[in-house]
Amino acid sequence: MKTTLLLLTLMTLIACTEGPESPKGFSLPEGDAAAGKTVFISYQCLSCHTLQGITDDSASQQIPNKVPLGGDVSKIKTYGELVTSVINPSHKIAPGFKRDSYTDDTGQSLMRNYNDLMTVNELVDLVAFLQPQYNLKPFNRTNYPQYFP
Ligand code: HEC
């Protein structure tokens, strides 16, 4: 019985990681972190966020408690989660944030949606800028390993 349960759990896990909706294999091309910083400032991310070492006096405060990005405080663990946070903020709201009213009445993130504004290149650069602020496990870049037949 225990073995069957274990097998079932394993199969479910495998199904989850390898299914058609699995993020496995997701990769953005290499971005330019300096350009990403410009994107970060120009989209006024600092009106709702703080990021160590970066200030922007022109960004008006849009939510009562700014959400810190980067460092140890973050809930973000992987490269995929970081990208998801930008293009699909409500996907997985960080647990502590629900209490802190970072969501609206319907549970959607208060984070602004940039999907109709931001170009893919801007996203790529933004992620290249943000990624080193976190201690992230990078997703496979498109560095194909040499293989010797
Ligand atoms: C109107 C306010 C607002 C703006 C503007 C905004 N965000 Fe957010 N952001 C939030 C809120 C609220 C959360 C927490 C809830 C959530 O995870 O969506 C969040 C969460 C995040 C997270 C996940 C944080 C974590 O550690 O879990 C990232 C990454 C992020 N934002 C990046 C950005 C970037 C990059 C920009 C600019 C392009 C931006 N945000 C602009 C409100 C905002």
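The values are calculated or read from the model by the stated rules, or taken from the named source; none is laboratory data. Computed from a prediction, not measured in an experiment: that's the story for all the values here. Cβ: placed from backbone, ideal geometry, glycine included. Neighbour counts: every protein chain shown. Remember, those area values only see protein heavy atoms, side chains included, never the ligands or the DNA or RNA. Shrake-Rupley method; radii C 1.70, N 1.55, O 1.52, S 1.80 Å.
Structure notes:
- Restricting region 98-113 to residues that are polar (S, T, N, Q) and open to solvent by 80 Å² or more (accessible area, probe 1.4 Å), the residue that is modelled with the highest pLDDT: Asn113
- Every condition in (1) in a loop (DSSP other than H, G, I, E, B); (2) modelled with pLDDT of 85 or more; (3) of a type in the set (Phe, Trp, Tyr) is met by Phe40 except one, and the failing one is (1).
- Those residues of region 35-58 which are closer than 11 Å to Gly70 by Cβ and of a type in the set (Val, Ile, Thr), in sequence order: Thr50, Ile54
- Close pairs (6 angstrom Cβ cut-off, 6 or more residues apart or separate chains): under 9 Å from Gly71 (Cα atoms) and assigned to a loop (DSSP other than H, G, I, E, B) in region 129-142, modelled with pLDDT under 85 and within 12 Å of the ligand (Cβ to nearest atom) anywhere: Tyr134/Ser74; Tyr134/Ile76
- Qualifying residue in region 127-138 (condition: surrounded by 12 or more Cβ atoms within 10 Å (Cβ to Cβ), near the ligand (Cβ under 9 Å from one of its atoms), modelled with pLDDT of 70 or more and farther than 23 Å from Thr55 by Cα): no
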